[in-house]
Amino acid sequence: MKDLSNSPKRPKISLSKTKTEWIWDIIGYSFYLGSLFFLISNWNVLPDQIPSHFNTLGEVDRWGSKMELIVLPIIGAFITLLMILLEKFPESHNYPERLSNENAKEFYLVSRKLVNQLKNISLIIFAFILFELVSIALGKGTGFGVWFLPIAIVSVLIPIVLAIIKQKKIR
């Protein structure tokens, strides 16, 4: 195991948000706020029992109280706050040993963009789940279907793979 006590401190670099980060934030927050508005506007017409869990085929396999719908926005807010903190301190992320003062800016930017994308993809996924739960409870939705889980996993994996490829190109 490497002794980090003698390692040089990572540089703190002030990086402005990029245009793509702003776009991702607008999209992610719009989906999140839209799902909250959708939930609030339908709250009084929701039945007492709503779908609470789905099997791997996307079919409802458990029903629960409509109060459980509040959990998704709370988890979304918690994840968002945690990832905003991670975005603010890219020097705390994990990097390969070749990180130096000369390439730190590139590494930090790739890492921060990844956290930004994952934060907003999570918000979009949570918004979609909330929308579908409310729709099913109102008798207007049919369930997620078998493709939801693979699409959600791939939508998270693609940015991770692309960021790894970008980091490998940094010298």
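Scan the stretch 60-99 for residues that are within 23 Å of residue 24 (Cα to Cα) and exposed (fewer than 14 other Cβ atoms within 10 Å of the Cβ) and the total you get is 11. Of the residues 46, 36, the single one that is closer than 12 Å to residue 134 by Cα and within 17 Å of the chain's Cα centre (by Cα) is 36.
One line per residue, one yes/no per condition, for (1) farther than 30 Å from residue 36 by Cα; (2) crowded, with 18+ Cβ neighbours inside 10 Å; (3) in contact with a strand residue (DSSP E or B) (Cβ under 8 Å, 6 or more places away or on another chain); (4) not polar (S, T, N, Q):
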site	(1), (2), (3), (4)
101	yes, no, no, no
111	no, yes, no, no
116	no, yes, no, no
142	no, no, no, no
150	no, no, no, yes
153	no, no, no, yes
157	no, no, no, yes
160	no, no, no, yes
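Could you tell me whether residue 106 is exposed (fewer than 15 other Cβ atoms within 10 Å of the Cβ) and either out of contact with any helix residue (DSSP H, G or I) (no Cβ under 9 Å at 6 or more places or on another chain) or assigned to a helix (DSSP H, G or I) (or both)? No; evaluated as a whole, the condition is false for this residue.
Residues in the stretch 106-135 that are modelled with pLDDT of 95 or more and of a type in the set (D, E, K, R) were compared, and the one that is farthest from residue 53 (Cα to Cα) is 106. When we screen 57, 33 for residues that are surrounded by 11 or more Cβ atoms within 10 Å (Cβ to Cβ), at pLDDT below 90 and under 24 Å from residue 155 (Cα atoms), the only hit is 57. Residue 50: in a helix (DSSP H, G or I) and β-branched (Val, Ile, Thr), yes or no? No.
The values are calculated or read from the model by the stated rules, or taken from the named source; none is laboratory data. All figures in this text were calculated on a predicted structure; none of them were measured in a lab. We place every Cβ from the backbone using ideal geometry, glycine too, and count neighbours over all the protein chains shown.
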